[in-house]
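Each reported figure results from applying straightforward, stated rules to the coordinates on display, with no laboratory input. Everything numeric here is computed off the predicted structure, so don't read it as measured data. Please note: Cβ atoms are built from the backbone with ideal geometry, for glycine as well, and neighbour counts cover all protein chains shown.
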Amino acid sequence: MLTKYWKVDEGQPDIEIIKQAAEIIKAGGLVAFPTETVYGLGANGLSEEAVSLIYQAKGRPADNPLILHIAEYDEINKLARQIPKKAAILMKKYWPGPLTVVLKRTDIVPDIVTGGLDTVAIRMPSNNIARELIRLSGVPIAAPSANISGKPSPTNAQDVLNDMDGKIGAVLDGGAADIGVESTVVDCTAVVPIILRPGGITYEMLTETLGKVEIDPAVYGTQAVKPRAPGMKYRHYAPRAPLIVLEGQDVMVKDTLLRKMTAALAEGKKVGLLLSTKTAEDILMKIDNLQKQLIVFDYGAKDRPWQLARELYTLLRKFDVAEVDIIFAEGTPDKGIGKAVMNRLRKASGFNIIRF
Ligand code: TXA
Ligand code: MG
């Protein structure tokens with residue numbers, strides 16, 4: 001299949017182009033499109049057949065349900081059986097935006113979308129191109145991240161094409177995603193809402209809006225617990241090389257990092273480092289004669305992880321291109337958007353974590 005490529009300006013989206021993309025969705029095909037979080041791989045969310053193509057293109061396990069994307073508030077009534085008060089508050093405050101709510105579903109939602117669950121995940125993206133596409137398609141769009149299952153999510157059109165070229169109808173290129181990590185998924189069917197996946201709408205924002213909010217223990221990867229969001233149980237976002245996360249007390253992180261990377265370099269390995277600016281400077285001062293075998297990405301200030309959120313997946317993919325043998329990543333504090341970043345980083349490592 002020839003994958004069409006269209007560049008679109010988010011500020012002034014060319015409606016004629018988006019109409020052509022919407023025609024593909026209406027005809028049961030797949031279109032990758034930008035959202036404020038990551039690029040999505042969209043299909044008609046009410047068509048069992050169209051949605052099955054998403055699973056095929058991604059190589060995604062069938063028990064991992066999809067999010068339905070809508071453009072207008074009213075559409076939720078077709079898809080959700082009841083809207084608890086707290087869900088309504090969240091939607092009003094954070095839609096359009098990087099928040100997904102899980103609600104009891106209606107019968108028009110196909111089983112293939114929900115993986116057989118009696119709930120459905122719904123979100124209204126803020127990206128203009130995404131919303132025009134949904135509007136012009138006239139149906140809710142089922143869309144996971146547009147990557148091959150298990151790989152880092154795409155945050156730009158080139159990363160989408162690297163995984164999906166030839167397998168999908170079209171990609172709309174709206175430039176780099178603003179946030180860079182996926183939406184926050186909140187289960188609103190419980191009395192106290194539960195964060196199933198941290199994301200752009202932070203735990204702190206949610207507790208400020210609702211009071212008490214819980215976090216599914218699976219977010220931290222405790223092996224013994226069964227995640228409520230089926231997708232959270234898979235190793236995910238992973239670069240090819242083994243990835244080790246170092247987090248906690250600065251001095252210990254730096255010492256251990258230096259020791260481990262020196263050992264890896266001595267074994268002739270090519271080493272990838274994902275570090276805060278300060279740590280990168282300190283480390284590089286100590287090992288400058290070996291830099292050729294080192295690929296270093298600096299993610300800015302450790303206590304301001306929005307930049308890391310935006311760049312995380314691109315950098316993980318760059319380690320693949322650089323063909324490093326091993327990657328060490330320095331963690332950021334587990335709060336704000338850092339909660340989402342650390343969740344993805346720990347999962348990308350397969351929970352290969354050194355914590356001080
Ligand atoms: O930011 C995002 O949410 C992006 C963009 C494209 O919108 N989409 C995205 O979709 O991240 P995906 O499929 O990669 O992740 C959906 C997550 C998975 O962890 C899945 O298990 C969970 O949402 N999920 C979907 N439906 C669910 C349900 N009914 N109950 C619990 N978890 C659900
Ligand atoms: Mg995904």
*Specify the angular offset, from 0 to 90 degrees and rounded to the nearest 10, of the alpha carbon long axis of helix 277-286 from the longest principal axis of the alpha carbons in the chain.*
30
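How high is the FRET efficiency from Glu267 to Ala62, r the C-beta distance, R0 41 Å, rounded to 0.05?
Efficiency, rounded to the nearest 0.05: 0.50.
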*Hey, if you put +1 on the Cβ of every Lys and Arg and -1 on every Asp and Glu Cβ in the chain, which of Gly29, Asn127, Gly180 ends up farthest toward the positive end of that dipole?*
Gly180
*Return a whole-number percent for the relative contact order of the range 211-356, with Cα pairs under 8 Å and 6 or more residues apart as the contact set.*
39
*asked:* Just to be sure I understand: with springs between alpha-carbon atoms less than 10 Å apart, which residue in Ala130, Ala340, Ala80 has the highest mean-square fluctuation in the Gaussian network model of the chain?
replied: Ala80
*Given H placed on each backbone N at 1.01 Å, which residues far from Ala301 in sequence or on other chains put an amide H within less than 5 Å of it?*
Thr277
*asked:* For a 29 Å ceiling on Cα separation, which of these pairs sit above it: Lys226/Lys339; Lys26/Lys78; Lys92/Lys302; Lys212/Lys347; Lys270/Lys302?
replied: Lys92/Lys302
*Euclidean distance between Cα centres, the range 49-72 to the range 123-172, Å*: 11
*For the chain, what proportion of DSSP beta bridges, expressed in % and rounded to the nearest 5, is antiparallel?*
35
*What is the magnitude of the charge dipole of the range 157-284 about its Cα centre, with +1 placed on the Cβ of each Lys and Arg, -1 on the Cβ of each Asp and Glu, and no other charges, expressed in debye to the nearest 20?*
620
*Sum -39500 (n - 2.57) across every DSSP H segment of at least 4 residues in the chain, then divide by the residue count to get the 222 nm mean residue ellipticity, nearest 500.*
-10000 deg cm²/dmol
_Cα gyration tensor shape for the range 113-211, rounded if a/c is under 1.5, else prolate or oblate_ = prolate
*Highest-MSF residue in the chain out of Asn343, Asn128, Asn77 [GNM, Cα springs under 10 Å]*: Asn77
*asked:* What are the ³J(HN,Hα) couplings of the range 31-43, residue after residue, when phi is run through the Karplus curve with 6.51, -1.76, 1.60 and θ = phi - 60°? Round to Hz, x for glycine and proline.
replied: 10, 8, 9, x, 10, 5, 9, 9, 6, x, 10, x, 8
*Specify the inter-centroid distance of the range 260-339 and the range 235-257, based on alpha-carbon positions, in whole Å.*
9
*Order the peptides 5-16, 174-185 from the highest to the lowest mean number of other Cβ atoms within 10 Å of their residues.*
174-185, 5-16
*How big is the charge dipole of the chain about its Cα centre, in debye rounded to the nearest 20, if each Lys and Arg gets +1 on its Cβ and each Asp and Glu gets -1 on its Cβ?*
780
*Report, in degrees rounded to the nearest 10, the 0 to 90 angle that the Cα long axis of helix 250-266 makes with the longest principal axis of the chain.*
80
*Working from Cα positions, state the angle (0 to 90°, nearest 10) between the long axis of helix 128-137 and the longest principal axis of the chain.*
30
*Amide H to amide H, which residues 5 or more places from Arg240 or on other chains are under 5 Å from it, using H placed in the peptide plane?*
Asp320
*One-quarter of the Cα convex hull surface for the chain, in nm²?*
17.4
